[in-house]
1. All but one of (1) at pLDDT 95 or above; (2) over 30 Å from residue 57 (Cβ atoms); (3) surrounded by 15 or more Cβ atoms within 10 Å (Cβ to Cβ) hold for residue 120; which doesn't?
2. Which count do you get for residues in region 106-135 that are touching a residue at least 40 places away in the same chain (Cβ under 8 Å) and not in a loop (DSSP other than H, G, I, E, B)?
3. Restricting region 44-64 to residues that are touching a residue at least 12 places away in the same chain (Cβ under 8 Å), in a helix (DSSP H, G or I) and under 22 Å from residue 139 (Cβ atoms), which is nearest to the chain's Cα centre (by Cα)?
4. Suppose the filter is closer than 24 Å to residue 34 by Cα, more than 14 Å from the chain's Cα centre (by Cα) and either at pLDDT 95 or above or not in a loop (DSSP other than H, G, I, E, B) (or both); does residue 185 pass it?
5. Does residue 84 satisfy the condition of being within 22 Å of residue 164 (Cβ to Cβ) and crowded, with 21+ Cβ neighbours inside 10 Å?
């Protein structure tokens, strides 16, 4: 007896925001900061740093590695703020549509949150220079390995600090895709700054 069971599509995964990384970077910026507000990203990254520095069974058991990690995270925090500013400018319409249904008090509260504090006034006007600085300071391969080493150090952390390990991969993916987008911008033929001036049309 024949059945009408529909055929299953093999080796297929449902939509994931990482699938947009190479096609619609503006959308993926929106997705990253939709799932993680700026303050939340910075707080979580600082938690990762603490776990890494306290984990002797990690890539950071030596002094030099810990020093490099602290400098890398400081630059990464600045990169996150620069990407947040870029997202606020380029995805303003999406943000307006998202928040217009919220009560006035909620909108006012949100407006007081997620304020970049690590960038100068000039860097806030031109976040592209922060992105360029990050990419010139760190090789892409180094940045990718450092993110993986941090992830491993948090997974294997056995100290007393409370860590939400159920969300580790999602946060790692958010960091990874922001770094990937940064190097993509720097690789563009006209550079980050001119691309931002033109409205980042290659990112649509």
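1. The one condition residue 120 does not meet is (3).
2. The qualifying residues number 9.
3. Residues of region 44-64 touching a residue at least 12 places away in the same chain (Cβ under 8 Å): 44-55, 57-60.
Applying the additional criterion that residues be in a helix (DSSP H, G or I) yields 44-54.
Going one step further and asking which of them are under 22 Å from residue 139 (Cβ atoms), we end up with 45, 48-49, 52.
Details: 45: 10, 48: 14, 49: 15, 52: 18 Å.
Among those residues, the one meeting the criterion is 45.
4. Yes, satisfied.
5. Details: within 22 Å of residue 164 (Cβ to Cβ): yes; crowded, with 21+ Cβ neighbours inside 10 Å: yes.
So residue 84 passes the test.
The values are calculated or read from the model by the stated rules, or taken from the named source; none is laboratory data. Computed from a predicted model, the values in this text were never measured in an experiment. Here Cβ is always computed from backbone atoms with ideal geometry, including for glycine, and neighbour counts include all displayed protein chains.
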